[in-house]
Amino acid sequence: MVAKTLNEDSLGKITNGEEISLLTLDWLEATKDMIAPHFQGILYLLAGYALQKKAKTIFIDSRKFLFHPSDDLIGPWRTKNISPIYNEAGVKKFAFLLPPGSPIPPTNGQNMLDEKFPTGFFSSESELRKWLSS
C-alpha cells in the first residue's frame with residue numbers, strides 16, 4: 001500500500017491510504033514540547049481529513065507520543081468537537097497503537113461516548129491492522 005502524505009510537521013505526519021480508506025496519524029517525539037492548542041489543532045486537522053477523504057478507518061500511532069493531555073482534552077472536548085466530525089465522515093473503526101507494555105483500556109473494541117464506531121487499542125501493529133481490516 002502506498003500512502004499519500006497529507007500533512008507533516010515536527011509533531012506528526014498524517015497519511016492517507018485511499019485504496020483501503022485508511023487515515024493514519026504518526027505522532028513524533030517532538031510532542032514532548034506540545035501544548036494543548038497544538039494537540040487540538042492536529043485533532044481538528046485529522047478529523048477534517050477524515051471528512052474530506054471519507055476515511056472508513058483511522059490509525060493513530062502513539063508509540064512516540066510524549067504529550068500528556070488533560071482529561072478534558074481526551075474526554076469532553078474531543079467528544080464535543082471531534083467525534084461528530086468522525087461520525088459525519090462515516091468512520092467505521094478507530095485504532096490506537098500504544099507503546100510496548102502500555103495497559104490496554106477496558107473500553108478496548110467498544111464505542112466511545114457519542115461515537116458510532118468502535119475504538120481499539122493495541123500494542124502490536126499487525127494485530128491492529130488485522131482488526132481494522134476485519
Quiz item: Hey, does segment 101-119 have a residue that's hydrophobic (A, V, I, L, M, F, W, C), touching a Gly at 6+ places or on another chain (Cβ under 9 Å), over 17 Å from A3 (Cβ atoms) and not in a loop (DSSP other than H, G, I, E, B)?
Solution: no
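For segment 72-83, state whether one or more residues are closer than 20 Å to T5 by Cβ and among the hydrophobic types (A, V, I, L, M, F, W, C).
Step one: filter segment 72-83 for residues closer than 20 Å to T5 by Cβ, giving none.
Taking every residue of segment 72-83 in turn, none turns out to be closer than 20 Å to T5 by Cβ and among the hydrophobic types (A, V, I, L, M, F, W, C).
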Exercise. Say whether the condition of being at pLDDT 95 or above, surrounded by 14 or more Cβ atoms within 10 Å (Cβ to Cβ) and basic (K, R) is met by at least one residue in segment 93-102.
Key: yes
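What residue, among those in segment 110-133 that are small (G, A, S) and under 20 Å from A50 (Cβ atoms), is modelled with the highest pLDDT? Give the steps one after another, and end with the answer.
Just the residues of segment 110-133 that are small (G, A, S), to begin with: 120, 123-124, 126, 133.
From the residues that got through so far, the ones that are under 20 Å from A50 (Cβ atoms) too are 120, 133.
Details: G120: 97, S133: 91.
Only one residue tops the list, namely G120.
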Quiz item: Mind checking which residues of segment 7-25 are more than 17 Å from Y86 (Cα to Cα) and crowded, with 18+ Cβ neighbours inside 10 Å?
Solution: L11, G12
Quiz item: All but one of (1) farther than 20 Å from L132 by Cα; (2) at pLDDT 95 or above; (3) in contact with a helix residue (DSSP H, G or I) (Cβ under 7 Å, 6 or more places away or on another chain) hold for A30; which doesn't?
Solution: (3)
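Quick grid of which residues meet (1) among the polar types (S, T, N, Q); (2) touching an Asp or Glu at 6+ places or on another chain (Cβ under 8 Å); (3) crowded, with 17+ Cβ neighbours inside 10 Å; (4) modelled with pLDDT of 95 or more:
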{"site": "Y49", "(1), (2), (3), (4)": "no, no, yes, yes"}
{"site": "S70", "(1), (2), (3), (4)": "yes, no, no, no"}
{"site": "G75", "(1), (2), (3), (4)": "no, no, no, no"}
{"site": "N81", "(1), (2), (3), (4)": "yes, no, no, yes"}
{"site": "Y86", "(1), (2), (3), (4)": "no, yes, yes, yes"}
{"site": "I104", "(1), (2), (3), (4)": "no, no, no, no"}
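The values are calculated or read from the model by the stated rules, or taken from the named source; none is laboratory data. This one's a predicted model, so the numbers in the text were calculated from it and none came from an experiment. Cβ: placed from backbone, ideal geometry, glycine included. Neighbour counts: every protein chain shown.
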